[in-house]
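The values are calculated or read from the model by the stated rules, or taken from the named source; none is laboratory data. Model, not experiment: these values are computed from the prediction. Positions of Cβ are generated from backbone atoms using ideal geometry, with glycine treated the same way; all protein chains shown enter the neighbour counts. Heads up: the accessible areas ignore ligands, DNA and RNA and are worked out on the full protein's heavy atoms, side chains in. Shrake-Rupley method; radii C 1.70, N 1.55, O 1.52, S 1.80 Å.
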Protein chains: 2
Amino acid sequence: MTKQRRVVYSILLENRDHPTANDVFRRVQREMSTISLATVYNCLDALSKHGLINQVNFDREPSRFCVNPAPHVHFRDTRTGVIHDIAFKEGCQITDLLDLPDGAEVSELELTISGDLPANP
Amino acid sequence: MTKQRRVVYSILLENRDHPTANDVFRRVQREMSTISLATVYNCLDALSKHGLINQVNFDREPSRFCVNPAPHVHFRDTRTGVIHDIAFKEGCQITDLLDLPDGAEVSELELTISGDLPANP
DNA sequence: ATTACAATTTAGAATTATTCTAATTAGGCC
DNA sequence: GGCCTAATTAGAATAATTCTAAATTGTAAT
């Protein structure tokens, strides 16, 4: 854990709005003006590899980053663009619903959903 | 449906191995040597928009294209790199497993899985 | 047929998120 | 302090995709 990684991580914890690498860069710059974009990428990568954060991809848009450690999927509200974390219902295994070949071992699983959320009154 | 779109589509039907746009380009060139890469992108986009094919994204790798019209998800065998179509079990709705907010309406859903498949003897 | 029009294709340039490179800096340990 | 490794930095490079503007095609009307 270097100073830079700590700052990047704390920025992510501070505002869990699934920022892009560039968003993170701009936020981190405010409190560590000498940081470089490459470092932000390095940090995000390191944090990802150590399982502290998740990299979230919607189609081919810029990757976004998520500090939620619990297993969950992502729902993008097409009206607002906001990405929501969606948890699984109790004791549900997505792979139970799939016709996976015998012996298949899942190591990574990414589920992204786009749709409309009812307006919040 | 232009000549180019027809060729792109037929190439995809011919070999359902989830090729990238560039793969498609190279294959199409063999029977229509004047086609351009931009056209292949245009065609893939047009076919996608009309629901004839699906664009498949694994993380930030180049997009791949899939002619399987049935609802399914994608499993990449990490050993061979091959992408397999995985169907849902009878009458299964993935969203049933999720804690979606009331009234959420799903318009798109992409599920990608990476893992190991047992070696085929 | 010929013209007119819109949509598509083409070649190449432009874009952009991300990765790479090489040099510098920082931190830990003797 | 000096040494060593890993991390950071700035900037260049990469690569998939998109954009642009000109040329082509197909179609419908005259």
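Across the range B:24-37, which residue is nearest to residue B:83 (Cα to Cα) among those that are over 13 Å from the mean Cα position of the chain (by Cα) and either buried (at least 20 other Cβ atoms within 10 Å of the Cβ) or touching a residue at least 40 places away in the same chain (Cβ under 8 Å) (or both)?
In the first step, residues of the range B:24-37 are kept if they are over 13 Å from the mean Cα position of the chain (by Cα); the result is B:25-37.
Remaining after also requiring either buried (at least 20 other Cβ atoms within 10 Å of the Cβ) or touching a residue at least 40 places away in the same chain (Cβ under 8 Å) (or both): B:25, B:28.
Working: B:25: 19, B:28: 21 Å.
Among residues in the range B:24-37 that are over 13 Å from the mean Cα position of the chain (by Cα) and either buried (at least 20 other Cβ atoms within 10 Å of the Cβ) or touching a residue at least 40 places away in the same chain (Cβ under 8 Å) (or both), the one nearest to residue B:83 (Cα to Cα) is B:25.
Look at (1) free of Cβ contacts under 8 Å to residues at least 40 places away in the same chain; (2) within 12 Å of DNA strand D (Cβ to nearest atom) and you find that residue A:76 fails only one, number (2).
Check the range B:3-23 and report whether any residue there is free of Cβ contacts under 8 Å to residues at least 40 places away in the same chain, away from DNA strand C (no atom under 16 Å from the Cβ) and loosely packed, with under 12 Cβ neighbours inside 10 Å. Checking the range B:3-23: at least one residue is free of Cβ contacts under 8 Å to residues at least 40 places away in the same chain, away from DNA strand C (no atom under 16 Å from the Cβ) and loosely packed, with under 12 Cβ neighbours inside 10 Å. Only one of the numbered conditions (1) away from DNA strand C (no atom under 13 Å from the Cβ); (2) within 14 Å of chain B (Cβ to nearest Cβ); (3) surrounded by 15 or more Cβ atoms within 10 Å (Cβ to Cβ) is not met by residue A:55, and that is (1).
How many of the residues in the range A:110-121 are surrounded by fewer than 17 Cβ atoms within 10 Å (Cβ to Cβ) and facing chain B (nearest Cβ under 8 Å)? Quick ask: steps written out before the conclusion?
First, the residues of the range A:110-121 that are surrounded by fewer than 17 Cβ atoms within 10 Å (Cβ to Cβ): A:116, A:118-121.
Next, only the ones that are facing chain B (nearest Cβ under 8 Å) stay: A:116, A:118.
The number of residues fulfilling the criteria is 2.
In the range B:70-101, the residue that is surrounded by the fewest Cβ atoms within 10 Å (Cβ to Cβ) out of those that are at the interface with chain A (Cβ under 7 Å from one of its Cβ atoms) and over 18 Å from residue A:112 (Cβ atoms) is B:89. Within the range B:60-68, does at least one residue satisfy the condition of being away from DNA strand C (no atom under 16 Å from the Cβ), in a loop (DSSP other than H, G, I, E, B), β-branched (Val, Ile, Thr) and open to solvent by less than 60 Å² (accessible area, probe 1.4 Å)? Yes: one or more hits. Taking (1) open to solvent by less than 30 Å² (accessible area, probe 1.4 Å); (2) within 16 Å of DNA strand C (Cβ to nearest atom); (3) more than 19 Å from residue A:104 (Cα to Cα); (4) touching an Asp or Glu at 6+ places or on another chain (Cβ under 9 Å) in turn, residue B:40 satisfies each apart from (4). Pick out the one residue from A:108, A:90 that is modelled with pLDDT under 95 and of a type in the set (D, E, K, R). When all the criteria are applied, what remains is A:90.
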